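Right, one structure below, let's go through it.
Computed from the coordinates by the stated procedures, all read-outs in this text should not be read as laboratory data. No experiment lies behind these values; they were computed from the predicted model shown. Every residue, glycine among them, receives a Cβ derived from its backbone with ideal geometry; neighbour counts consider all protein chains shown.
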Amino acid sequence: MSGANGAILEIQGLKVHFPVPRGVVKAVDGIDLRIEKGETLGLVGESGCGKSTVARTVVGLVKPTSGRIVLEGREIQDLSPQEMRPLRAELQMVFQDPYASLNPRMTVASIIGEPLLIHRGLRDTDARVCELMSLVGLDPSMRRRYPHEFSGGQRQRIGLARSLALEPDVILLDEPVSALDVSVQAQVMNLLDDLKKRLGLTYLFIAHNLAVVRHMSDRVAVMYLGRIVELADRDTIYAEPMHPYTEALLSAVPVPDPVVEDTRERIRLEGEIPSPTEEIIGCPFRARCPKAFDRCKTEAPKLKEHAPGHFGACHLPEENQSDE
Ligand code: SF4
């Protein structure tokens, strides 16, 4: 079942603030996201921008400070771990590090079959484990082996097979290919694409690399210091980025054509990122923004729809309009 407006997962006004000795770290500071059934939403930003905290909060690993998380029409942000348990069948998370996220003392069969044992009480999981291994391109005859006997790409496939065991509707993929060699990244991304189509999955795909997000996403949200600064469909955000931060991230993506690659302009971000506990006045990106002007010092831009489906948190579009 989807929410009333077709969304399978909705995040509204989400804040995650952590008290620290010198103040409060605003890891996530009021974000809204909506993911439609069957969609892949890319969530991109530098490390520390809060994107992983968003995913960890959605699956209940981190408690939100405020805001709502609605999964298939049901509010889940205040559920206890016991109440979240049945929802594991609908919502799964795949972590970045396939080396750290698999228990080294368990066989692959136990790792993949464990959710079936815990959530469904199944004792004989062998046939389903073999099926899941085939689904992710692993040879089922290797199911009695241990994680260290597999390559990084194979371990990420094991993590995926485990996440698929309960037939979820939504998978949160937290940097799922960042720890892999470039040649293996493409294979895992193709597998994710294929699984999405075959199983009708919905993804939140988190990455710091805009090239990876482009390959996978229908829409892309760009995050900076705990806030969404731009959101649009994939083609729009790559062809017509609105926010100077998105422009800078895009300028760092290599172009396959060597002639274009040699001549293209790279935007180097200078200036300091504000300390996570600093009270920010004006635009949070101001200290690094090559286009900052007076208004940016005093007024924080709100995320607004500047063109149909294209949202940005920057004063520039309004400033340019008033100049015309
Ligand atoms: Fe740059 Fe100003 Fe836009 Fe912020 S509001 S991104 S400082 S131009």
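Some notes on this structure:
- Beta bridges from DSSP with both residues in the chain: antiparallel share about 60 percent, rounded to the nearest 5.
- In terms of its alpha-carbon gyration tensor, the chain comes out prolate; a/c meets the 1.5 threshold, and the first ratio a/b outweighs b/c.
- Dividing the helix sum by the residues of the chain, where each DSSP H run of 4 or more adds -39500 (n - 2.57), gives a mean residue ellipticity at 222 nm of -9000 deg cm²/dmol.
- Multiplying the residue separation of SER66 and PHE18 by 0.36 nm and subtracting their alpha-carbon distance yields 16.1 nm.
- Most positive-pole-ward Cα, ALA313, LEU195, VAL44, against dipole of the chain from beta carbon charges: LEU195
- Residue among ARG34, ARG88, ARG198 with the largest mean-square fluctuation in a Gaussian network model of the chain, springs linking Cα atoms under 10 Å: ARG198
- Pair-distance distribution P(r) for the stretch 100-148, from all Cα-Cα distances in 10 Å bins starting at 0: 29, 56, 15 percent.
- This ranking places CYS130, CYS283, CYS289 by how few other beta-carbon atoms lie within 10 Å of each, fewest first, which gives CYS130, CYS289, CYS283.
- Size of electric dipole in the stretch 218-257: Cβ of Lys, Arg +1 and of Asp, Glu -1, about Cα centre, debye, nearest 20: 220
- For a straight C-alpha distance cut-off of 27 angstrom, the lysines reachable from LYS291 (same-chain residues fewer than eight places away being disregarded) are LYS26, LYS51, LYS302, LYS304.
- Interchain or long-range residues, amide H under 5 Å from GLY30's placed H: LEU14, LYS15, VAL16
- Least to most buried among ILE206, ILE11 (fewest other Cβ within 10 Å first): ILE11, ILE206
- Label-to-label distance, nm, for residues given as ASN190 and ASN103 (7 Å Cα→Cβ offset): 3.4
- When the Cα positions of LEU180, LEU132, SER251 are compared along the charge dipole of the stretch 123-278, LEU132 comes out farthest toward the positive end, with charges on each C-beta of Lys, Arg, Asp and Glu.
- As a proxy for reagent exposure, ranking TYR203, TYR99 by other Cβ atoms within 10 Å from fewest up yields TYR99, TYR203.
- Relative frequency of Cα-Cα separations exceeding 18 Å in the stretch 137-279, percent: 65
- Candidates VAL20, VAL253, VAL129: whichever shows maximal mean-square fluctuation once the chain is modelled as a Gaussian network with Cα springs under 10 Å: VAL20
- Sequentially through the stretch 62-70, phi angles give Karplus couplings (6.51, -1.76, 1.60; θ = phi - 60°) of 10, 7, x, 6, 7, x, 10, 10, 10 Hz, Gly and Pro residues having no value and appearing as x.
- DSSP bridge orientation in the stretch 159-235 - percent antiparallel, rounded to nearest 5: 55
- Here the stretch 205-324 is assigned +1 on the Cβ of each Lys and Arg and -1 on the Cβ of each Asp and Glu. Its dipole about the Cα centre then comes out at about 340 debye.
- Of all the options ILE31, ILE69, ILE281, the one that moves most in a Gaussian network model of the chain with Cα springs shorter than 10 angstrom is ILE281.
- Amide H within-cut-off set for ASP97, under 5 Å, with H built and near neighbours excluded: none
- Compared with the direct C-alpha span, the chain from GLU279 to ILE267 gains 1.6 nm at full extension, assuming 0.36 nm per residue.
- Distance between the modelled labels on LYS297 and SER134, one decimal in nanometres: 6.8 nm (7 Å Cα→Cβ projection).
- Whole-angstrom Cα spans of the stretch 205-324 along principal axes, big to small: 42, 32, 32
- Note: relative contact order over the chain, using C-alpha pairs below 8 Å and six or more positions apart, is 19 percent.
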